[in-house]
Each structure stands twice: as C-alpha cells, then as structure tokens.
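The values are calculated or read from the model by the stated rules, or taken from the named source; none is laboratory data. Fair warning: this is a prediction, and the values are worked out from it, not measured in the lab. Every residue, glycine as well, gets a Cβ built from its backbone with ideal geometry; the counts of neighbours run over all protein chains shown. Note: accessible area is taken over every heavy atom of the protein model, side chains too, but ligands, DNA and RNA are not part of it. Shrake-Rupley method; radii C 1.70, N 1.55, O 1.52, S 1.80 Å.
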Amino acid sequence: MNIDKVMSIDAAMAHVTPGARVMMGEFVGAGEPAKCIEWLLAHRIDRLTLIANTSGLRGDFLMGKLFAAGLIEEYIGTHGATSNEASDAYLSGKLKVRQFFPMGTWAEKVRAGGHGLGGALVPVGVGILDQEGLFPDLEEPKRTIEIRGKTYLVEEALTADVSIIRGYRADPLGNVEFRYMATQNQKDLAMAGKFTIAEVNEIVPVGAIPPERVGCPGPFVNAVVQGYSLADQHTLYRDHWIKLGRLPKLPEGETP
Amino acid sequence: MSHLHGQDPRVVIARRCARELRAGEVVNLGIGIPTMTANYLPPGVQVIFHSENGCFGFGPKPGTLEADSDVSNASTEPVTLMPGAAIMDLTTSLGAMRNGYIATSVLGGLEVDQEGNLANWASKRNGKWWPGIGGAMDLCYGVPRIIAALQHTDKHGHSKVKKRTHLPLTGKGCVKVIVTDHAVFDVTPEGLVLREAYPGLTVENIRAVTEADFTVSPNFGPMDI
C-alpha cells in the first residue's frame, strides 16, 4: 500500500485533546498554521500547554486568538507580549508562564527534543536568568555546569504530544517545503512532536518537490493537511498589515 | 521646552545611530527606534541587515500588492529581499547571533549603565516580569558591538543612563556606544566618555540629566547628525 499522510483537518486535529502539550511553528505571527488554529478555536480545545517561539502577532490574529479564547493554560517560549491577547492573559493571571527563554535557548531546547538529546548547554543568560528569585514559579533553580572554565546553563529538551507546523508544499509522503522566513525551526518542531501535523498551502504529488528543497523530510510528519492557498494567505497577511498600519490601504475596489 | 525644538527624539536617535554603522558590516536592528535606523543610512554605506527570524540581506518595505506573507522581519513587518539575500533556519540565525557573526546591533533599552550593562526585557507589571526576552539576550551575549539607542530620560525626567541598572539585565558589559536624544557616549574600561552632545547643549546640560558618571572626550563636539 502506498504511504498517504494527507487527511482532513478534523482527522489530524483529533489528536489534540484538552490538556495536551502542543508545539506550533511561528515567529510573531509569521508562519503560523492558520487552519489548525481556527479548528482549535472552533472546537474550544482548552487547558493546552503551548510551546511556541513568541506569543503571536497583535490585533486579533491567528495564534494570538488562542490566548484571548482562554484555551492556553501555560506558555513556554521567549516573549509574552508580542500579541496583546497573550499579554492580557499573562498580566491578569489567566496564563501561566514559569520563565522566559532567550530565543536561541528556546530553539536549542526544541532541537534537543527533536534530535534525541537531553538538552543544551547555553552560555546566554548566565548570571542573569539563574539569579535567585527571578522566576519564582520554577520547580527547581536553573542548573549551571562548568566546561573548560566557562559556565553554561543546563537547558532541558522540550517535546510535545502534538506538533503543528506550517509549510508551503507537501506531498503524501509528508515531505514539506518551506518558503523564505517561514522556514524558522518548523523542522525541529516537527521532530519534537509525538504526532506531527503539517499544514501547507499546497498538496502536491510525490516527486513534485525536488529532494534538495525538502525542508522537513516525510518521516518526521504524520499528517498533511490543506491550509490556505498561498494567494489567500497573502491576502490574510496583507489585510492584517493594512489593519496594523504596516502597509498602505489600497484604493477603493482593489483587494489585497 | 525640549532642546529638540519639536523634533521627534526617536528620529534624532535613529539618525545618529545610522552614522555609527560601518560600511560592509553585518547589522541587526532591534525593534522600535533601532528599526528606524535603516531609513537614515548615509549615502554610499552598504551594510547587510540580519533579521533573527532567519535572513541576511533584507531590504525596504514592499508595496501592498507586492507584500509576501512569508517575507517579513523580526517584528513581522513586510520586507523585501535584496539581491544576494540568504535565508536560514532559526537555530542557524540565533547561532550566528551567539557566535559573533553579527558585527553590530542597535538595541533599545529601559536602562543602561556606566559599566555597559543593558536592561531592556523586563519591568514589573502586576507583580510579574513583562514583556519577555525574544532575541535580545542572544545579541547582547554574542555581538561584539552593541549600540544602546534610547531616550535620555523617562517620562518623569529621570535619567535612563544610570550609575547602575536595577532591572533584570539583558546583557552584562555588552554596550559599547550609547546614543540618546541628548548625547553620544563611548563605554570604555575606564567608564563612560562623552563624545557628543546635541547641538547647542553643553557638558553641564548633559551632566544635569545624566545619573551616570562620565568624563569628556578630548574630541568632544556637537552631535554629528
């Protein structure tokens, strides 16, 4: 039987249950799996632990809406206020954040989780992030280790029940191609999830993606789902950029 | 009445920061005032802009219909890619920041002090540290030349250029140059050295608004702006 990982969003997202630990590809709103986020909002899957680089883009946009809807219990990432929704949830005590990580540290924790390592040794933040009392919700103080006279923080690997990434094209084998700055660490996130869903702009036949353009090999992916087409995704982002004043409005009658 | 006579202090800082960038170097601009620096590069100075979301060589904002949803900067503002741009994944991009591949970074700040310590990721809100770190700490750790770009005083008139920072640090001893709407300081092993003051301001004017100790450079002069 041929391998075919293409499935409906309903079938793929059934793996996300209340209380699950979910990783999501994104960078301040860019490269987010829009359709899967809409599914979570529609089905109100709650008590989630969200592992994501930032807390989304402000102004009622994609991942940020998960915080406003109260679906996220805990956030593990680098920044609690790239979206106003996450910021509000955090400051009002509805969102738990035990600590913030420097972005490179967070990315290495995910990579370690995906690559079968126990963690990463990181020099960034030594003497700052390990100061007593800085993060009172930590279960134990941050550990340090000395190697050849230099001190590193011991940062444990991160893994997830489900990883949801967003690519450009994918084939039924699960091979995913990325575009530009949406490449991010989507591949590492895919490797760190027990069940990984790739939402893509376009599903193409096996062989359509040149092997050297495969950014995330099929064996790291369990489900391929159809997201917004690239044209519709451009419209979604252009509309939001216009709303935020980051792009000029178009003349009457023209659509982005 | 402000010494700037109605000019936007953020524009003054961004314009002055742009003159600190050196032709040919790789530069990362933080969010806010630092991002504006790109608009004021002196003619003929070509630098390669790095963006932590995974790019060397991004360019100006596109038109609305040219904006690509997968081509944006670290604040997710639409950008373009210059000829010769290079895309990389996130761990590579952050690794480049940690390991010295970015020559200069311009970063905003809540506080900076006379030892070159920078605090810009956290203040206390509702008893919690807010808003978060992002890529700033990786830059402070690994970039040899950090330029702190910030307004000289807060809204209450208190100096943000301190003897000692009180907020959680982003980087220790990382700042090499401080650019404010009043002055330019070099951070040296002997302490802060006042290099320039905004045109019309005297050394005494700068002392009056600066908590930090500083000496005056033999080459002290009006801000090159």
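What's the total number of residues in segment A:201-244 that are out of contact with any Ser or Thr (no Cβ under 8 Å at 6 or more places or on another chain) and open to solvent by 60 Å² or more (accessible area, probe 1.4 Å)?
Total meeting the criteria: 12.
Kindly indicate whether any position in segment B:185-196 is touching a Pro at 6+ places or on another chain (Cβ under 8 Å) and either on the phi < 0 side of the Ramachandran plot or open to solvent by 20 Å² or more (accessible area, probe 1.4 Å) (or both). Even if it seems obvious, please write down each step before you answer.
Going through segment B:185-196, the residues touching a Pro at 6+ places or on another chain (Cβ under 8 Å) turn out to be B:196.
Subset that is either on the phi < 0 side of the Ramachandran plot or open to solvent by 20 Å² or more (accessible area, probe 1.4 Å) (or both): B:196.
For segment B:185-196, residues touching a Pro at 6+ places or on another chain (Cβ under 8 Å) and either on the phi < 0 side of the Ramachandran plot or open to solvent by 20 Å² or more (accessible area, probe 1.4 Å) (or both): present.
For residues in segment A:154-196 being polar (S, T, N, Q) and under 11 Å from the mean Cα position of the chain (by Cα), which is farthest from B:Phe56 (Cα to Cα)? Step through it out loud before you land on a result.
Pass one, segment A:154-196, residues polar (S, T, N, Q): A:159, A:163, A:175, A:183-186, A:196.
Add one more test, that the residue is under 11 Å from the mean Cα position of the chain (by Cα), and what stays is A:163, A:184-186.
Working: A:Ser163: 28, A:Gln184: 14, A:Asn185: 16, A:Gln186: 19 Å.
The residue in question is A:Ser163.
In a helix (DSSP H, G or I) and small (Gly, Ala, Ser) - does that describe any residue in segment A:113-136?
Here is the first cut: in segment A:113-136, the residues in a helix (DSSP H, G or I) are A:113-114.
In the following step, the residues that additionally are small (Gly, Ala, Ser) were identified as A:113-114.
Yes, some residue in segment A:113-136 is in a helix (DSSP H, G or I) and small (Gly, Ala, Ser).
If the requirement is being open to solvent by less than 10 Å² (accessible area, probe 1.4 Å), farther than 15 Å from A:Pro219 by Cβ and not aromatic (Phe, Trp, Tyr), which of these qualifies: A:Ala198, A:Ala160? Please lay out each step first, then the result.
Working: A:Ala198 fails: farther than 15 Å from A:Pro219 by Cβ.
Among A:Ala198, A:Ala160, only A:Ala160 is open to solvent by less than 10 Å² (accessible area, probe 1.4 Å), farther than 15 Å from A:Pro219 by Cβ and not aromatic (Phe, Trp, Tyr).
Among the numbered conditions (1) out of contact with any Phe, Trp or Tyr (no Cβ under 7 Å at 6 or more places or on another chain); (2) at the interface with chain A (Cβ under 7 Å from one of its Cβ atoms); (3) charged (D, E, K, R), tell me where B:Arg98 comes up short.
Here B:Arg98 meets the rest and fails (1).
Of everything in segment B:30-54, what is open to solvent by less than 30 Å² (accessible area, probe 1.4 Å) and closer than 30 Å to A:Leu57 by Cα? Give them in sequence order.
Restricting attention to segment B:30-54, the residues satisfying the condition of being open to solvent by less than 30 Å² (accessible area, probe 1.4 Å) are B:30, B:33-34, B:37, B:42, B:47, B:49-54.
Within segment B:30-54, B:Gly30, B:Ile33, B:Pro34, B:Thr37, B:Val47, B:Phe49, B:His50, B:Ser51, B:Glu52, B:Asn53, B:Gly54 qualify.
I'm checking my understanding of the structure. Among residues of segment B:126-172 that are under 15 Å from A:Phe101 (Cβ atoms) and of a type in the set (Gly, Ala, Ser), which one is farthest from the other protein chains (Cβ to nearest Cβ)?
Of everything passing the filter in segment B:126-172, B:Ala136 is farthest from the other protein chains (Cβ to nearest Cβ).
Under the condition of being within 14 Å of the chain's Cα centre (by Cα), assigned to a strand (DSSP E or B) and away from every other protein chain (no Cβ under 14 Å), which residue from segment B:27-58 is nearest to B:Glu77 (Cα to Cα)?
Out of the qualifying residues, it is B:Leu29.
Tally time: how many residues in segment A:74-94 are out of contact with any strand residue (DSSP E or B) (no Cβ under 6 Å at 6 or more places or on another chain), open to solvent by 10 Å² or more (accessible area, probe 1.4 Å) and outside any helix (DSSP H, G or I)?
Result for segment A:74-94: 4.
For A:Ile209, which of the numbered conditions (1) without any contact (Cβ under 8 Å) to a residue 40 or more places away in the chain; (2) farther than 16 Å from A:Glu32 by Cα; (3) not in a helix (DSSP H, G or I) fails to hold?
Checking A:Ile209 against (1) without any contact (Cβ under 8 Å) to a residue 40 or more places away in the chain; (2) farther than 16 Å from A:Glu32 by Cα; (3) not in a helix (DSSP H, G or I), the one that fails is (1).
What is the number of the single condition among (1) in contact (Cβ under 8 Å) with a residue 40 or more places away in the chain; (2) crowded, with 17+ Cβ neighbours inside 10 Å; (3) outside any strand (DSSP E or B) that B:Asp68 does not meet?
(1)
Would segment A:180-189 turn up any residue that is surrounded by fewer than 23 Cβ atoms within 10 Å (Cβ to Cβ), more than 21 Å from B:Gly171 (Cα to Cα) and touching a residue at least 24 places away in the same chain (Cβ under 8 Å)?
Quick first cut of segment A:180-189, residues surrounded by fewer than 23 Cβ atoms within 10 Å (Cβ to Cβ) only: A:180.
Then drop every residue that is not more than 21 Å from B:Gly171 (Cα to Cα), which leaves A:180.
Those left that are additionally touching a residue at least 24 places away in the same chain (Cβ under 8 Å): none.
No: segment A:180-189 contains no residue that is surrounded by fewer than 23 Cβ atoms within 10 Å (Cβ to Cβ), more than 21 Å from B:Gly171 (Cα to Cα) and touching a residue at least 24 places away in the same chain (Cβ under 8 Å).
Given the structure, is A:Gly215 on the phi > 0 side of the Ramachandran plot, at pLDDT 95 or above and of a type in the set (Gly, Ala, Ser)?
Numbers: on the phi > 0 side of the Ramachandran plot: no; at pLDDT 95 or above: yes; of a type in the set (Gly, Ala, Ser): yes.
Criteria not met by A:Gly215.
Would you call B:Leu107 open to solvent by 40 Å² or more (accessible area, probe 1.4 Å), touching a helix residue (DSSP H, G or I) at 6+ places or on another chain (Cβ under 8 Å) and either more than 7 Å from chain A (Cβ to nearest Cβ) or hydroxyl-bearing (Ser, Thr, Tyr) (or both)? Spell out the reasoning first.
On the way: open to solvent by 40 Å² or more (accessible area, probe 1.4 Å): no; touching a helix residue (DSSP H, G or I) at 6+ places or on another chain (Cβ under 8 Å): yes; either more than 7 Å from chain A (Cβ to nearest Cβ) or hydroxyl-bearing (Ser, Thr, Tyr) (or both): yes.
No, not satisfied.
Quick check on segment B:197-215: of everything there that is among the small types (Gly, Ala, Ser) and closer than 17 Å to B:Thr153 by Cα, which residue is surrounded by the most Cβ atoms within 10 Å (Cβ to Cβ)?
As a first pass, look at segment B:197-215 and keep what is among the small types (Gly, Ala, Ser): B:197, B:200, B:208, B:212.
Applying the additional criterion that residues be closer than 17 Å to B:Thr153 by Cα yields B:197, B:208, B:212.
Values: B:Ala197: 22, B:Ala208: 11, B:Ala212: 20.
Only one residue fits best here, namely B:Ala197.
Quick one: which residue in B:Val71, B:Val112 is away from every other protein chain (no Cβ under 13 Å) and of a type outside the set (Gly, Ala, Ser)?
Within the list B:Val71, B:Val112, the selection yields B:Val112.
Take B:Thr76 and tell me if it is without any contact (Cβ under 8 Å) to a residue 24 or more places away in the chain, within 27 Å of A:Cys216 (Cα to Cα) and in contact with a Phe, Trp or Tyr (Cβ under 8 Å, 6 or more places away or on another chain). Break it down stepwise before answering.
Values: without any contact (Cβ under 8 Å) to a residue 24 or more places away in the chain: yes; within 27 Å of A:Cys216 (Cα to Cα): yes; in contact with a Phe, Trp or Tyr (Cβ under 8 Å, 6 or more places away or on another chain): yes.
So B:Thr76 passes the test.
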